[in-house]
Amino acid sequence: MTRMTRMTRLFFSAVLLAVSLTLLTNSAISAEESKAVSLFDGKTLDGWVTGAGAPVKAGWVVEDGTLHRADKGGDIYATKEYGDFILTFDFKISEAGNSGLKYRFGKYASGNVGCEYQVLDDDKHPDAKVGKKRQTASLYDILEPNDQKELKAVGEWNSAKIVAKGAKIEHWLNGKKVLDIDLNSAEFKEALAKSKFKKSEDFGTKPGKIMLQDHGDKVWFRKIMIEEIK
């Protein structure tokens with residue numbers, strides 16, 4: 001074996017060792033940092049209940065790894081309450097369809113309500129004509145998404161993220177932050193006063209349920225992951 005060959009092999013061995021150590025380190029960091037848990041296992045409706053707390057028996061089905069509102073079944077809820085969290089999910093809506101994901105859902109002065117990440121066919125559903133505050137990725141009826149919003153066509157999957165930490169709320173759509181608000185700000189209080197939730201001054205401020213809305217239309221959800229944050 002020539003001196004050059006030995007040096008070449010030693011060089012590549014060192015490179016391979018460095019790459020392996022980097023991959024192992026990154027993997028360990030990712031595993032440590034990722035504390036998200038799945039709210040939907042892709043196979044069953046385990047962990048989801050009706051408004052009465054009963055198992056889901058109608059309307060919602062598991063289909064090709066998705067949680068699908070196929071027929072009348074009512075809203076469904078994750079069994080645990082969450083206050084501060086990062087929630088990610090994929091969704092697609094049917095033509096002229098309407099749905100949403102509600103969070104911090106519970107009893108406020110105006111009744112059982114919660115913040116809603118709106119899911120809508122922005123082109124054909126009548127609610128979209130009311131204004132941007134009722135379109136996809138809005139904080140329903142309160143705040144509209146910004147001009148970073150890029151919604152995919154009906155029938156295509158969109159990725160969403162909600163960050164709720166204390167009074168700070170963020171909505172993300174397809175990798176872009178489309179809404180960022182402080183519930184204690186004058187901007188939010190003014191918007192809330194003009195909404196259907198105006199009687200609840202503490203709206204969205206308490207831990208509550210995660211809810212998938214049955215609004216009478218077909219909708220699909222998948223990859224529903226949540227990480228509680230402090």
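What follows draws every value from the coordinates through simple rules; no lab data is involved. Note that the structure is a prediction, hence the values are computed from the model and not measured. Positions of Cβ are backbone-derived with ideal geometry, glycine not excepted, and every protein chain shown enters the neighbour counts.
In the structure shown, the pairs 102/177; 129/161; 165/209; 43/124; 102/165 are assessed against 21 Å; a Cα-Cα span above that value is assigned to 129/161; 43/124.
With neighbour counts taken as other beta-carbon atoms within 10 Å, the residues 222, 104 rank, fewest first, as 222, 104.
If R0 is 30 Å, what FRET efficiency do you get for residue 153 and residue 182 from their C-beta distance, rounded to 0.05? E between residue 153 and residue 182, to the nearest 0.05, is 0.35.
Spin-label pair residue 215-residue 193: with each label point 7 Å from Cα along the Cα-Cβ axis, the two points sit 2.7 nm from one another. About its Cα centre, the chain has a charge dipole of approximately 440 debye under the convention of +1 per Lys or Arg Cβ and -1 per Asp or Glu Cβ, with nothing else charged. May I ask which of 57/132; 194/223; 57/198; 133/230 have a Cα-Cα span longer than 32 Å here? Beyond 32 Å: 57/132; 194/223; 57/198. Residues 91, 85 in ascending order of nearby Cβ atoms (within 10 Å, fewest first): 85, 91. Between residue 88 and residue 110, full extension at 0.36 nm per residue minus the direct alpha carbon distance yields a gain of 5.2 nm. Over every Cα atom in the range 95-230, the radius of gyration and the widest Cα-Cα span, Dmax, amount to 14.1, 40 Å. Put a plus charge on the Cβ of each Lys and Arg, a minus charge on the Cβ of each Asp and Glu, and nothing anywhere else: the dipole of the range 31-100 about its Cα centre is then about 280 debye. The distance from the alpha carbon centre of the range 68-113 to that of the range 167-201 is 17 Å, rounded to a whole number. Farthest toward the positive end of the dipole of the chain, out of 195, 119, 82, is the Cα of 82, where the dipole comes from beta carbon charges about the Cα centre. In terms of other Cβ atoms within 10 Å, 211, 225 run from fewest to most in the order 225, 211.
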